[in-house]
Amino acid sequence: MAVSPQLILRLVLLGLAVVILQVAAVSQVVLFGATADLTPLAVAAVGLMCGSISGALFGFFVGLFFDAALVQTMGLTSFVCVVVGYGAGRLRELRDPQATFVPMIVGALATAITTFGYGLMNFMLGIDAPVSFLLLRVILATIVFNAIISLPIFALIRRWLGPALPDDPRRRRRRAYTTGGLSPLSRA
């Protein structure tokens, strides 16, 4: 996919807005013991709309900015977001999903991969964290919460990136005939 300067600018602004909004506002709202996580949803949405390479690059830079904003171990969120962005992009490239509930499924998978991947990376680096069934309940609640909010988030990101995305030849609609609705082939 050819990346235009307009698309790059929109992706940079989207990444900045997602991380600032996540850190400043969304992480402060707790609903049923879970908080929404916009980062994996945004990375998966960009992967689904722009492809695997763009999704992976967007995931890397959003994860890096997220780690810098929270002053945590640099690169952990980037690594996990690269996997999410690349995976969502490959799904687009291999299957071209058109179903209505694809954002919900991809959003839930992206959140699960991000949450469990980040925890696994922390465990492998020897960072101590309390592990209990309460933590598992919060993780599952976050995955369900993100799956629910993924439809409006994906729609907003599609609306924001839409003018900068090139037309996809696989998604062109056929033009209606102007001869009264009948096909020239069916007049025989």
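Read-outs: derived from the displayed coordinates by stated rules, not from any lab. Only a predicted model underlies this, so the values are computations on that prediction, with no experimental measurement involved. Glycine gets a Cβ as well: all are built from the backbone with ideal geometry, and neighbour counts include every protein chain shown.
Things worth noting here:
- With one equal scatterer per alpha carbon and no solvent term, the Debye-computed log10 I(q)/I(0) for the stretch 90-129 at 0.16, 0.20, 0.28 1/Å reads -0.54, -0.67, -0.90.
- Each residue of the stretch 158-165 is assigned a 3J(HN,Hα), and the resulting list reads 4, 5, 6, 8, x, x, 9, 7 Hz, derived from the Karplus form 6.51 cos²θ - 1.76 cosθ + 1.60 (θ = phi - 60°), x at Gly and Pro.
- Value at 222 nm in deg cm²/dmol, rounded to 500, when DSSP H runs of n ≥ 4 in the chain each add -39,500 (n - 2.57): -23000 deg cm²/dmol
- Between the residues Asn122, Thr100, Val19, the greatest Cα displacement towards the positive end of the dipole of the chain, with unit charges on the Cβ of Lys, Arg, Asp and Glu, is found for Thr100.
- Debye-sum result for the stretch 69-145 in log10 I(q)/I(0), which assumes one identical scatterer on each alpha carbon, at q = 0.12, 0.15, 0.17, 0.19 Å⁻¹: -0.42, -0.63, -0.77, -0.91
- Amide N proximity, the stretch 78-111 versus Val3 label position 7 Å along Cα-to-Cβ, cut-off under 13 Å: 86
- Taking each residue as 0.36 nm, the span from Ile127 to Ala25 lengthens on full extension beyond its C-alpha to C-alpha distance by 34.1 nm.
- Two-site label geometry, Leu156 and Ala141: point separation in nm, points 7 Å out along Cα→Cβ: 2.2
- Ranked Val26, Val18, criterion: other C-beta atoms within 10 Å, fewest first: Val26, Val18
- In order along the stretch 72-83, the phi-based Karplus estimate (6.51 cos²θ - 1.76 cosθ + 1.60, θ = phi - 60°) of 3J(HN,Hα) comes to 10, 4, 5, x, 5, 5, 4, 4, 5, 5, 5, 4 Hz; Gly and Pro are listed as x.
- When the chain is treated as a GNM with alpha-carbon contacts under 10 Å, the residue of Val102, Val71, Val83 showing the greatest mean-square fluctuation is Val71.
- Over the chain, the alpha carbon radius of gyration divided by the compact-protein estimate 2.2 N^0.38 Å works out to 1.20.
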